1. Are any residues in the range 240-255 outside any helix (DSSP H, G or I) and without any contact (Cβ under 8 Å) to a residue 60 or more places away in the chain, and if so, which ones?
2. Run PRO52 past the list (1) in contact (Cβ under 8 Å) with a residue 40 or more places away in the chain; (2) within 16 Å of VAL94 (Cα to Cα) and report the number of the one that doesn't hold.
3. Looking at (1) surrounded by fewer than 16 Cβ atoms within 10 Å (Cβ to Cβ); (2) small (Gly, Ala, Ser); (3) modelled with pLDDT under 90, can you tell me which one SER199 breaks?
4. So, of the residues in the range 38-66 that are assigned to a loop (DSSP other than H, G, I, E, B) and in contact with a Pro (Cβ under 9 Å, 6 or more places away or on another chain), which turns out to be surrounded by the most Cβ atoms within 10 Å (Cβ to Cβ)?
5. Test of understanding: among GLU171, GLU139, GLU177, which residue is surrounded by fewer than 16 Cβ atoms within 10 Å (Cβ to Cβ) and either outside the structural domain of ALA127 (by TED's automatic domain parsing) or under 15 Å from VAL104 (Cβ atoms) (or both)?
6. Taking the criterion of being of a type in the set (Asp, Glu) and over 28 Å from VAL165 (Cα atoms), would at least one residue in the range 71-89 satisfy it?
Amino acid sequence: MQRAPEGIPLASVAISGTTSVLVGEPLNLSIAGGVLPLDATRPISITWTPEPDSGQGTVDAVYTFSVPVTTSVTVVLRNLGGVSVVSDTLDVTVSPDAIPLASVALEGPTRAFIGSTSTFTASITPANATNPTYTWSPEPTSGQGTPAATYTWATTGTQTVRVTVSNDGGEVIDELEVLVQQRRVYLPLIVRGGGSQVSNEIPVGVGEGLAFSSTQIGPIDAGTEAAIAFTNISFAPHNLVLLNTDDAEVAASVATAGAEAGAANNYVPESADIVGSTVLLTADESDSFSFTINEPGQYRYICTVPGHYAAGMEGILIVE
């Protein structure tokens, strides 16, 4: 009967190293703490599987993978003529090569009102850049760490929104300046004057979204000259067209004809149903028109910019 070789057997082995690398990135593995016990009888054979790029037979091995893969690396140690054997296995994930970021474009409004909420979107190039991380500054109301962030404005003035996108290939930055203004308030009042001035002047502004600030104005007296003064405080173009009726079908028809008339004509068509209108107004512009309505009743006013009437931009003038 053959006797087992005398000596100190191996106790254990453990692989040390990362479990995740990119394609083409060196994977450096080693035997944690070296061979244990330290006084294990030599010689000791060390075998790495699969075959490493370098380090076979030593406590350090280097691998480089050319394709994405999930695989395992095993090391086996033997001494005492192969009687004493220990091993360890490490699972490794090889991910596609990192795709660096080339640029980021920040999109969103450049003007806003205090108390309003604005949404900004960061679009990266290339779109398939590896593992982008988004950092917004200042801290957004919501969306930190994502491609879209929202801000609710608490102070007026020029605010700067910045997004930094980073990955293993570096970082890219874009920023946008936003002018935050105090919202003007226009009251639906009738101002009565005298002398040669118009006796009834009704101020109207723009409310939230596609809406007038006043959805009902008046009453004014039938047969007296009056005026509507309209101020556009939004960033979208608007007009105000007063009709000689409250008929919704007539209003829809005038709105459609206004779209066909085009911006060059202030989106105001030639129509016998129109009492008066403003010109097409952009942000902070004002216009007014005078009129006389002889019959008591309700008279609709609308915005004929394409899509605005359909969205609900209308109101009623009361004549008594």
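1. LEU243, ASN244, THR245, ASP247
2. Every listed condition holds for PRO52 apart from (1).
3. (1)
4. Result: ALA40.
5. When all the criteria are applied, what remains is GLU171.
6. Within the range 71-89, one or more residues are of a type in the set (Asp, Glu) and over 28 Å from VAL165 (Cα atoms).
Yes/no per residue for (1) assigned to a loop (DSSP other than H, G, I, E, B); (2) of a type in the set (A, V, I, L, M); (3) at positive phi:
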| position | (1), (2), (3) |
| --- | --- |
| LEU77 | no, yes, no |
| ASP88 | no, no, no |
| ILE99 | yes, yes, no |
| PRO109 | yes, no, no |
| THR121 | no, no, no |
| ALA129 | yes, yes, no |
| TRP136 | no, no, no |
| ALA149 | no, yes, no |
| THR160 | no, no, no |
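The values are calculated or read from the model by the stated rules, or taken from the named source; none is laboratory data. Worth saying up front: this structure is predicted, and the values here are computed from it rather than measured. Using ideal geometry, Cβ is built from the backbone for each residue, glycine included, and neighbour counts are taken over all protein chains shown.
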